[in-house]
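The values are calculated or read from the model by the stated rules, or taken from the named source; none is laboratory data. From a predicted model like this one, the values you see are computed outputs, not experimental measurements. Ideal geometry is used to build each Cβ from the backbone, glycine not excepted, and the neighbour counts take in all protein chains shown.
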């Protein structure tokens, strides 16, 4: 009996409920967050409740994360005078729409359990200023982990189809054994050409080209914005790995601090195996700002919107999450993640830049 080809099987609408797995992921991952500065320490001590639904869907061969949860946490810390401090935090919405589409902001409801004092109040403000950035970076990892863990259960590959066939019948023609004695007959499968497109994302930051170049290429600095392990040595032919192996490839050329080119592949069921796109990153410094342009050529047709959204979310928003000011000019289009809901916080961003960006490159 013939089985359905993968291209047809993956076209159908499928959903997998992974709510239990998702709750366990939040309970395991969020308490790994800890921030130290001087004598002050704050961390997430416990996830007390995750309420909502989490699913992974497939539409026309594309995997889609579907989730909307409220998350209740306990946080703790040590004040500058040694006082142990604790409190609670509620985040009413952690969703695909906020994390990947950027349609609105995360909202945080804070409470302090420890009696107030100058040192305690100072730590409370420190927690409110620093924990959201770390939490949002961790939330950005969730859809990647969700797809990597459960995508294989929804998408049918050629090998999966082969495993469903019955045990091969023995050969009945004598000629078959004669040919096998002369050696196996090799059947070459012609590789079908892959239709691809190009996506481009650009953004200007209040930073030097050298600083941005180092953040995107140096192994010790990449985790500052990606919040995940990285492997990178900016030399032609050297391999690289970002987001804990979610993106892999190798450097093709490096022109510090103006440009680098990478062979780039996504570790995802949606990305063809052994296919590499070409990522070109250019850094155009002008005055006290630098325009970063990321051009990815070779993106499989049908995945362009998702890939562009993820580059904006993980690269651009990652740099913003550590305090680099993103400039949006009136005469140029804003990034697609920006919406009218975004608060015009250029002054706040400048404060963040002073607080976080400057210490990054101290030896």
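Of the residues examined, residue 71 is one that is under 18 Å from residue 54 (Cα atoms), in contact with a strand residue (DSSP E or B) (Cβ under 6 Å, 6 or more places away or on another chain) and touching a residue at least 12 places away in the same chain (Cβ under 8 Å).
For the condition part of a helix (DSSP H, G or I), surrounded by fewer than 17 Cβ atoms within 10 Å (Cβ to Cβ) and modelled with pLDDT under 50, what is the one hit in 162, 171?
None of the other options fit; the residue is 162.
Among the residues making up the range 196-248, a single one is surrounded by fewer than 17 Cβ atoms within 10 Å (Cβ to Cβ), on the phi > 0 side of the Ramachandran plot and not in a loop (DSSP other than H, G, I, E, B): 245.
Assess whether residue 133 counts as being under 22 Å from the mean Cα position of the chain (by Cα) and modelled with pLDDT of 80 or more.
In short, yes.
Only a single criterion out of (1) modelled with pLDDT under 90; (2) assigned to a strand (DSSP E or B) is not satisfied by residue 180, namely (2).
For the range 62-73, filtered to residues that are at pLDDT below 95 and buried (at least 20 other Cβ atoms within 10 Å of the Cβ), the residue that is farthest from residue 153 (Cα to Cα) is 69.
Checking each residue in the range 281-315 for being out of contact with any strand residue (DSSP E or B) (no Cβ under 6 Å at 6 or more places or on another chain) and assigned to a loop (DSSP other than H, G, I, E, B) picks out 287, 288, 302, 303. On the basis of being surrounded by fewer than 20 Cβ atoms within 10 Å (Cβ to Cβ) and assigned by TED's automatic domain parsing to the domain that holds residue 209, does residue 255 make the cut? So residue 255 fits the description; yes.
Being modelled with pLDDT of 80 or more, in contact with a helix residue (DSSP H, G or I) (Cβ under 9 Å, 6 or more places away or on another chain) and within 29 Å of residue 307 (Cα to Cα) is a condition met by no residue of the range 115-126. Scan the range 94-104 and tell me whether some residue there is under 20 Å from residue 38 (Cβ atoms) and not in a strand (DSSP E or B). Checked the range 94-104: no residue is under 20 Å from residue 38 (Cβ atoms) and not in a strand (DSSP E or B).
Taken together, the criteria exclude residue 29 from residues that are at pLDDT below 95, touching a strand residue (DSSP E or B) at 6+ places or on another chain (Cβ under 6 Å) and in the same structural domain as residue 72 (by TED's automatic domain parsing). Is it the case, given these coordinates, that residue 56 is buried (at least 20 other Cβ atoms within 10 Å of the Cβ) and either over 18 Å from residue 29 (Cα atoms) or at pLDDT below 95 (or both)? For residue 56, the condition - buried (at least 20 other Cβ atoms within 10 Å of the Cβ) and either over 18 Å from residue 29 (Cα atoms) or at pLDDT below 95 (or both) - is met.
Here is a yes/no grid of residues against (1) modelled with pLDDT under 55; (2) within 18 Å of the chain's Cα centre (by Cα); (3) not assigned by TED's automatic domain parsing to the domain that holds residue 243:
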position: 289; (1), (2), (3): no, no, no
position: 296; (1), (2), (3): no, yes, no
position: 300; (1), (2), (3): no, no, no
position: 314; (1), (2), (3): no, yes, no
position: 326; (1), (2), (3): no, no, no
position: 336; (1), (2), (3): yes, yes, no
